[in-house]
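Data block below; observations after.
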Amino acid sequence: MAAVSQQGSRAGLITALVIFVVLFLVATVLFFTTNADNKVNEKRVADLQLKYTQVIKQTEMTDPDYQTLQELQRDPTNRGRSMFDIIKTQRDDLSKAITGQANTPAAKAVESAATTVQSANKTLEPAGATVPASSLNNAIMVLAATIIERQSQADQLKQEMAKCADDLKKQTALYQKELDTHRTTLESARTETKTIGEDTVKYRAGKDEQVAGLEKSIAETVEKDRKAMEDLNTQLTAANGQITELKKKLEQAYLAMARFKVSNTGESAIRRADGIISQLGRNNVVYVNRGLGQQISQGMTFEVYDKSEGIPRLAPNADESLPAGKASIEITRVSPGSSEARVIKQSAGSQIYVGDVIANLVYDPNVKFRFKVFGDFDIDQDGKATPQEADVVKRLIAQWGGIVTDDLNIDTDFLVMGKEPVVPAIPPEQLKDDPIREFEQKKAEEARKAYDDVKNKALDLHTPVLNQNRFLYFIGFFDQARK
């Protein structure tokens, strides 16, 4: 091997060192250059990743809608179009389908769809149908179904209208036929009426002459009857005057007869005993000496008076002196010659003896006394006088042999008077503004006047006057009436 010179080795080492330094510098420059490019690329990738994420996320790329868009993008008709362009076109088409106008914003289309649904619900509300909110498709379907239903109803109505039209035509034809018949009849009637009218004019002309003659005859008859009526009225006036004069004379005769009427005949009838207690029984039972055939009946009441004192006199003041006896009895059984009675009331400390007299003002075995009953009575002593209780008095008189008369005259034996009417003392100024109270006051005054007139007439006729209490005592019915 040839020997290498020292100078040559040094030159090679320097050359190698220079080459190493150059390569190192080149590598360093390339490193920094590459590193700078990498950072730029990394930043670019990060920016692209951010923009890409804002458009679509990695997880959304597995959604079926994304795959559908990819299929649409691969369609030849969409060659070279981006997904955004396809989506935008679909949105514009949908907005136009909803609103009917191109380039309508999506928000505007959504608002229009909601308004349409609300309008559809409002339209369907009378039919009872509704669609879900914001469901334009359902709204359209429901409206379509409703329209079909309404169309069906409209068709049915058209059919019914056509049927009605046919019926109307038939009815019109019948009516027209009847109208023609009526017109023919009317023409005939007019002709007949004209003929009858002419005959009526002729008939009326003849009858007018007859009526004129009758009117003349009637006028003469009326005038004759009028004169006869005037004569009759004159005679009637004279007759009424005679009747009035005769009434005055009759009243004077009654008064004259009353003056000659035997005094105290009423009191004699009152104080006359109608029988005696003939026997005493047990348990408040007594027997009287009146029986069958002597006008005595079951249910009749008698007042019992002491045999030595007899029946009290008829005192002038009837309210202060009541003819109360020692007891009251009621006939329970009538037998021949005697009757059984029960004691219905007995005065305290009194005792019934054989021989005590009995009396009932209405009862008399031989005479029917005539009674005039006037006014309202308070038989049950409840403070209310009524006409119905006056009927009770009349019934007792008729039941026990008396006669109830409507008139008060010289033949009347007794006047039985009810409660005296009370006229309220009301100042005139209070009656002025109260027509109801004024009417009641006037009615009370009229009742009081009628009461006094009847009482005064009885006094003029010397007819005994009994109030209700004295009458009830005299027939032994005072305590029975209060039950």
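Got a sec? Which of 150, 183 is over 25 Å from residue 95 (Cα atoms), at pLDDT below 80, open to solvent by 70 Å² or more (accessible area, probe 1.4 Å) and under 56 Å from the mean Cα position of the chain (by Cα)?
150
The sole residue among 101, 58 that is open to solvent by 90 Å² or more (accessible area, probe 1.4 Å), closer than 27 Å to residue 116 by Cα and polar (S, T, N, Q) is 101.
May I ask you to list the residues in region 328-343 that are open to solvent by less than 30 Å² (accessible area, probe 1.4 Å) and in contact with a helix residue (DSSP H, G or I) (Cβ under 9 Å, 6 or more places away or on another chain)? Please lay out each step first, then the result.
Taking region 328-343 as the starting set, the residues that turn out to be open to solvent by less than 30 Å² (accessible area, probe 1.4 Å) are 328-329, 331, 339, 341, 343.
The one that is open to solvent by less than 30 Å² (accessible area, probe 1.4 Å) and in contact with a helix residue (DSSP H, G or I) (Cβ under 9 Å, 6 or more places away or on another chain): 328.
In the set (1) touching a residue at least 12 places away in the same chain (Cβ under 8 Å); (2) open to solvent by 100 Å² or more (accessible area, probe 1.4 Å), residue 178 fails one condition alone, (1). Within region 404-426, at least one residue is over 30 Å from residue 347 (Cβ atoms), small (Gly, Ala, Ser) and open to solvent by 50 Å² or more (accessible area, probe 1.4 Å).
You will find that of 398, 385, the residue that is exposed (fewer than 15 other Cβ atoms within 10 Å of the Cβ), closer than 28 Å to residue 462 by Cβ and of a type in the set (Gly, Ala, Ser) is 398 and no other. Selection over region 431-451 of residues that are touching an Asp or Glu at 6+ places or on another chain (Cβ under 9 Å) and open to solvent by 40 Å² or more (accessible area, probe 1.4 Å) gives a count of 3.
For every residue, the table says whether it meets (1) modelled with pLDDT of 85 or more; (2) within 22 Å of residue 370 (Cβ to Cβ); (3) in contact with a strand residue (DSSP E or B) (Cβ under 7 Å, 6 or more places away or on another chain).
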residue: 239; (1), (2), (3): no, no, no
residue: 251; (1), (2), (3): no, yes, no
residue: 259; (1), (2), (3): no, yes, no
residue: 271; (1), (2), (3): no, yes, no
residue: 278; (1), (2), (3): yes, no, yes
residue: 306; (1), (2), (3): yes, no, no
residue: 309; (1), (2), (3): yes, no, no
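Checked against (1) in contact (Cβ under 8 Å) with a residue 40 or more places away in the chain; (2) outside any loop (DSSP other than H, G, I, E, B), residue 354 passes all but a single condition, namely (2). Residue-level check: of (1) within 30 Å of residue 406 (Cβ to Cβ); (2) in contact with a helix residue (DSSP H, G or I) (Cβ under 9 Å, 6 or more places away or on another chain), residue 325 misses just (1). Where helices (runs of 4 or more DSSP H) sit wholly within region 414-483, those with at least 3 residues that are over 22 Å from residue 312 (Cβ atoms) occupy 428-432, 435-460.
Can you say whether residue 478 is within 49 Å of the chain's Cα centre (by Cα) and aromatic (Phe, Trp, Tyr), as far as the supplied structure shows? Steps first, please.
Numbers: within 49 Å of the chain's Cα centre (by Cα): yes; aromatic (Phe, Trp, Tyr): yes.
So residue 478 fits the description; yes.
Scanning region 366-413 for residues that are among the basic types (Lys, Arg), in a loop (DSSP other than H, G, I, E, B) and over 46 Å from the mean Cα position of the chain (by Cα) returns a single hit, 368.
The values are calculated or read from the model by the stated rules, or taken from the named source; none is laboratory data. Fair warning: this is a prediction, and the values are worked out from it, not measured in the lab. Positions of Cβ are backbone-derived with ideal geometry, glycine not excepted, and every protein chain shown enters the neighbour counts. Surface areas here come from the heavy atoms of the whole protein model, side chains and all, with no ligands, DNA or RNA. Shrake-Rupley method; radii C 1.70, N 1.55, O 1.52, S 1.80 Å.
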